Structures are given as structure tokens and as C-alpha cells.
Amino acid sequence: MAHNDIDAANQPRRRIGCVVLVTNADGDVLGVQTTYKPKPILPGGAARQGERSNSAGSRELFEETGIRRDLTGILAFDQTPANPATGATEGFNVVFNGGMLTDAEAAALSVPVDARDEIDALVWLPRDRLNELCEPYQARRIRQALYMLDRGQELPVLFAGEPAA
């Protein structure tokens with residue numbers, strides 16, 4: 001879904017971004033090349049008013065990549081400052097663990113038809129090329145999430161103190 005459902009002139013005071021780290025068998029990270037950013041980013045987007053963060057991450061992942069995942073683990077929590085140049089408000093990005101795709105799932109990836117106005121391509125980002133392929137903040141975010149993933153560590157996703165499903 002395009003980001004046109006967010007009123008640019010009346011944005012929330014803080015944005016909750018829900019992005020998802022998905023890897024393949026080689027350890028590469030799935031990125032989306034959007035129509036509105038020069039370099040790839042993790043799949044995801046903003047949670048809507050009243051939407052659970054893990055549901056927002058699952059929804060955005062599916063809308064942008066066609067991948068369905070129940071998100072129950074958080075790899076990183078990244079606070080972001082406001083950006084007067086773009087008009088983006090300050091916010092938080094929750095990086096969910098989207099798991100590893102099988103070879104068959106990875107081979108079947110394509111941009112969903114409904115996302116083609118927002119997503120140009122799905123790309124695999126090799127770990128050793130994050131600095132050249134991604135914006136610095138994105139490369140840092142991905143590396144921190146991979147650090148946690150490599151150690152088998154994640155935080156549980158909770159809703160009102162209960163594990164989110």
C-alpha cells in the first residue's frame with residue numbers, strides 16, 4: 001500500500017515504524033527498492049492508529065513483498081529524529097524478526113501488483129555490502145538487528161503485557 005494514507009500536512013507527533021528483517025539461506029537481507037528513496041530499505045511502514053505493531057509489520061511485509069509472517073520477536077528498537085527536510089516526524093522503528101526464507105520462497109519473490117506504484121524491486125543485500133548499498137542509518141539498523149539474530153536473541157512482542165500472536 002502506498003503511503004498516501006498518511007496525511008503529510010497532519011502527521012502524528014510520533015510515528016511508529018514497523019519494519020521486518022528477512023534473510024535467505026546465504027544470510028543476505030531482503031530489501032525493498034522504493035519509488036521514493038534512492039537506496040533500499042527494510043520492508044515495512046507505519047502502524048495505523050490502534051493497530052498492533054506486529055500486525056502492522058505483518059501487513060506491510062505482505063503488502064510490499066507478498067510474504068506472510070506472524071511476527072513475535074523484536075531484534076531492534078530504533079528511535080529516529082524528525083527530518084525537517086522531508087517533513088518526517090520523530091518516531092520509533094521496531095525491527096521484527098521475519099525469519100529466513102527457504103530457497104523456494106526466495107526464488108518465488110516478486111513485487112505484488114498492488115505495490116508496484118511504491119516498490120520498484122525486491123533486492124537481496126549481502127551483509128558485507130550494506131555500507132555501499134544502503135543509507136548509513138539503514139546499514140547501522142540492519143547490522144544491529146543481524147547482531148541480535150546471529151546470537152539468537154530477540155525481545156518478545158507484547159500487547160498489554162501478553163505475548164502478541
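The values are calculated or read from the model by the stated rules, or taken from the named source; none is laboratory data. On a predicted model such as this, the values are computed, not experimentally measured, just so you know. Here the Cβ positions follow ideal geometry from the backbone for every residue, glycine too, while neighbour counts run over all protein chains shown.
Which ones in the stretch 136-165 are small (Gly, Ala, Ser), in a helix (DSSP H, G or I) and out of contact with any helix residue (DSSP H, G or I) (no Cβ under 8 Å at 6 or more places or on another chain)?
Ala145
Keeping to the stretch 93-113, report how many residues are within 17 Å of Glu64 (Cβ to Cβ), outside any helix (DSSP H, G or I) and over 17 Å from the mean Cα position of the chain (by Cα).
Final tally of qualifying residues: 1.
Tell me, please, whether a residue that is crowded, with 17+ Cβ neighbours inside 10 Å, at pLDDT 95 or above and not charged (D, E, K, R) can be found in the stretch 86-94.
Yes, the stretch 86-94 contains a residue that is crowded, with 17+ Cβ neighbours inside 10 Å, at pLDDT 95 or above and not charged (D, E, K, R).
I'm trying to understand the selection: among the residues of the stretch 67-92, which are in a loop (DSSP other than H, G, I, E, B) and within 14 Å of Ala46 (Cα to Cα)? Lay out the reasoning, then the answer.
To start, the set of residues in the stretch 67-92 that are in a loop (DSSP other than H, G, I, E, B) comprises 67-72, 81-82, 84-87, 89-90.
Matches in the stretch 67-92: Thr89, Glu90.
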